1. Taking residue 223 as the residue in question, decide whether it is surrounded by fewer than 19 Cβ atoms within 10 Å (Cβ to Cβ) and in a loop (DSSP other than H, G, I, E, B).
2. If residue 217 passes every condition in (1) surrounded by 15 or more Cβ atoms within 10 Å (Cβ to Cβ); (2) of a type outside the set (Phe, Trp, Tyr); (3) part of a strand (DSSP E or B) but one, which one does it miss?
3. Has region 285-303 got any residue that is of a type outside the set (Asp, Glu), surrounded by 20 or more Cβ atoms within 10 Å (Cβ to Cβ) and under 22 Å from residue 444 (Cα atoms)?
4. So which of 192, 288, 234, 241 is of a type in the set (Ser, Thr, Tyr) and within 44 Å of the chain's Cα centre (by Cα)?
5. Would you pick out the residues in region 329-354 that are more than 19 Å from residue 390 (Cα to Cα) and in contact with a helix residue (DSSP H, G or I) (Cβ under 9 Å, 6 or more places away or on another chain)?
6. Please enumerate the residues belonging to region 226-246 that are of a type in the set (A, V, I, L, M, F, W, C) and in a helix (DSSP H, G or I).
7. What is the one condition in (1) assigned to a helix (DSSP H, G or I); (2) surrounded by fewer than 18 Cβ atoms within 10 Å (Cβ to Cβ) that residue 762 does not satisfy?
8. Just give me the residues in region 382-421 being in contact (Cβ under 8 Å) with a residue 40 or more places away in the chain, assigned to a strand (DSSP E or B) and buried (at least 17 other Cβ atoms within 10 Å of the Cβ), in sequence order.
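The values are calculated or read from the model by the stated rules, or taken from the named source; none is laboratory data. All figures in this text were calculated on a predicted structure; none of them were measured in a lab. Here the Cβ positions follow ideal geometry from the backbone for every residue, glycine too, while neighbour counts run over all protein chains shown.
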Amino acid sequence: MSEIPAKATESEDPSDGARTGAAAAPAADATRVSGDLPPADAMWQSSPPGSMYDYIRVASFSIGPDGLVEQWSLRAEQLFGIPAQRAVGMDPIAAFIDPDRREQGHRKMAEILDGREWTGVVPFRKPDEETGLRGEEALAEVYVMPTRTEEGEKAAVCIVVDVRTLRTIETDLAASQAIFGQSPFGFLLIDTDLRVRRANHRFASLFGGTPDDHRGKGVHDYLPRPEAERVTATLRRVLETGESITDMHVTGFLPGSDERRHWSINLYRVRSGSGRPIGIAWLGTDITARRAAAREAAAARRNLALLNEAGARIGNSLDLETTARELLDVVVPGFCDLATVDLYQGLLAGDETPPGLADGSAELRRVAFASAVSDAPFVAGAASVAVGAVHHYPFNSPCADALRTARPRSVPAEEGGLVQSTLAVPMVAHDTVVGLAQFSRTKGSEPFGDRDRDLAVELAARAAVCIDNARLYRREHERALILQRSLLPPGDPVASGLDIACRYLPGNSSADRPSEVGGDWFDVIELPGHRTALVVGDVMGRGLRAAVAMGELRSAVRTLALLDLEPAEVLSALDEIARGLGAPGGVQQATRAARRPREADLSEVYLATCVYAVYDSVTRRCTFANAGHLPPVLVEPGEDALMLDVPPGMPLGVGGEPFEEVEVELPEGALLALYTDGLVESRDHPLDEGLQAFVGALTDPTRPLEDVCDHVLNTLDTHHGEDDIALLMARVQGLPADSVGDWTLPREPRSVGRAREHARGRLLSWDLEPLVDTTELLVSELVTNALRYGEGEIRLRLLLDRTLVCEVWDAGLVQPRRRRARDTDEGGRGLQLVGLLSAAWGSRRTPRGKTVWFELPLPDGETGLMDPAEALLSLF
């Protein structure tokens, strides 16, 4: 109910004679209106202002027997604007009534003085507030009561009220009654004793009865004790301080209902016209539905926030365990108090369809667990399952049913346990169940509802997709790694005249960059004549594509190396092959696409860097060619390590630029290091710093090569990690002079016999008598071919290391060609005989001719050589 505006009132003024005698009666009436009747001894005591007379300014004056004013009150001065000095002795009819109504007024005055009471509405002129003169016309309700003077003469007492003030009070009262009675909210007027003085119909319709039935009741009659005490304390504070309370939430129950209701209460203190507190206005609104809607909205916002957080935090890693932990970091404690993630063990091991996957009985491994309740264990069945443990759920359990049906299930809580509500949610990715997530809430938390179930399914599905992607990535990564490792040299490579050690380290994974296989490779290829090709390369890019490209280039390098081409020629041919890798039609298609810019984007570009070196153990000379790779590092005995000045050239796949060769003589005991950029390059360190650190790590090349490799990797640990590392180290151990036999023969028939004699003598000096007959026969065949088909002088060389190699050189450029002779042919079987009796044979071009060679294994008592006579007979 709106508070009636308080009008400032003056305290009782003794000078107002008319009011002095009547003050006790209104005060007594006010007491009876506002409260119970006071005791008899207090009836005539003075009371403070606070009645209807504070709002209705009543003026009074008296009329003597002569019809003139005898007494004039201060209120009359305020109402009519005439001071008492002028009003006393004044004819009221002549003073206040218009001339055309004065005759009627005098008749009425005569009737009053004759003893008749009269009540009526009389027009008069109100004084102007600014000038004090009579201004606008107004109406006054006049109550005239006959009386007698002390002498017994007839007189009258007049009480005057401004009609406009009365009409305003009537309008305000009617409006107040309408607002109070028709308000759709519960409206109470509570007195100073905190009792209901008045209640509206809306309040009574909620709490039963009629509005009058609620008079005298207190807050404890409507609210539970704790809530009632809180509200009572608030009411007292409002009554004492006058501070209003807005939107105070109160919880209780309606009569005959167990449903908890919520109200929003507004409280303000109500004062009388004189400002005296007379009670508290209570305006209540039922907000139960609004609270439920707010809870739904808050739950929806929370769910959206959880989904948004899940999208941002889940799937940042391609590691299965990390992804599972990311899911639990999102849901605990924002969604639940306990949570676990179990994944199928078979899928983790790489099986596509492990046994029991369809019926939910397959083994699972617990990969993650989280708790917000003092690390309380998550109990599944009779015992808890530790992280990393492999287990399975009973066939009839809700968890197994969830795995079978791919639908969430509620798990009954154990009596006396900590958990009160559990959801078992299958993790489904691409129509495949990959595991099970369990979310639990402990006692004191709100049980899971339908909205929570839907949210749990969505969270589990998002995590399942990320986990399945991580699983597929792990599988592909392992396959690519197997492919890459299969293309690298198995074990420790062995080469003639070199002590070799190598290392290959895959790049380390990080949170923002998962580990992928790279295109780094190294190779050690044995060439004829106890020569060795050393190769280190790096295909740009990562992943399976780079690994496959690396395999193709490595195979091409081995093929080109066995053709015994020069290093620059090998890189040129390799460049052509790299250019053709990205085009379906090979290098020709790639060349045509490069000439047509519109089609150039259709060809995938493969770029690689490579350094190719050929070492001759007899001369201890090494020839290098570089295709955009980092320079080799050489450490000579007693000297500091240095980077060889090998022209880098363009990377493989660019094309159009020739490659240069650099020949370096390596002293005995020198250390040669080839490597990829992963060893020296990092996002956190410049390349020059990494190269200097690598050179500085090669301080003691005399140590065993394995120790040198480990020392380099440990020293440069701060400089690498993001990329793969390939490191190839070789220590020079030249072929001793007494292990080499070298002769120059003139171009004449007698040179065949001399060649046999030289070979026999050297083999006997090497204590290789079992190889004499075979060697003589094959040397004779090669020298004969050189005389018959070659040019210039002939050179014979025997090399002894892990095998026996025989080389015959001449200046002819025509390469020997092996053919099958017919039974009637007298010749043409020499190279067939060489192929039968040797372990390997071939020919290669030299700067000034060609070299034909064969290789024989050294006798070890187990490997027997074919008898030359049997070999000759087998040809016919």
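1. It is false that residue 223 is surrounded by fewer than 19 Cβ atoms within 10 Å (Cβ to Cβ) and in a loop (DSSP other than H, G, I, E, B).
2. If we test residue 217 against (1) surrounded by 15 or more Cβ atoms within 10 Å (Cβ to Cβ); (2) of a type outside the set (Phe, Trp, Tyr); (3) part of a strand (DSSP E or B), just (3) comes out false.
3. No, there is no match, as no residue in region 285-303 is of a type outside the set (Asp, Glu), surrounded by 20 or more Cβ atoms within 10 Å (Cβ to Cβ) and under 22 Å from residue 444 (Cα atoms).
4. 288
5. Matches in region 329-354: 329, 330, 331, 334, 335, 336.
6. 228, 231, 233, 235, 238, 239
7. With respect to (1) assigned to a helix (DSSP H, G or I); (2) surrounded by fewer than 18 Cβ atoms within 10 Å (Cβ to Cβ), residue 762 is out only on (2).
8. The one that is in contact (Cβ under 8 Å) with a residue 40 or more places away in the chain, assigned to a strand (DSSP E or B) and buried (at least 17 other Cβ atoms within 10 Å of the Cβ): 419.
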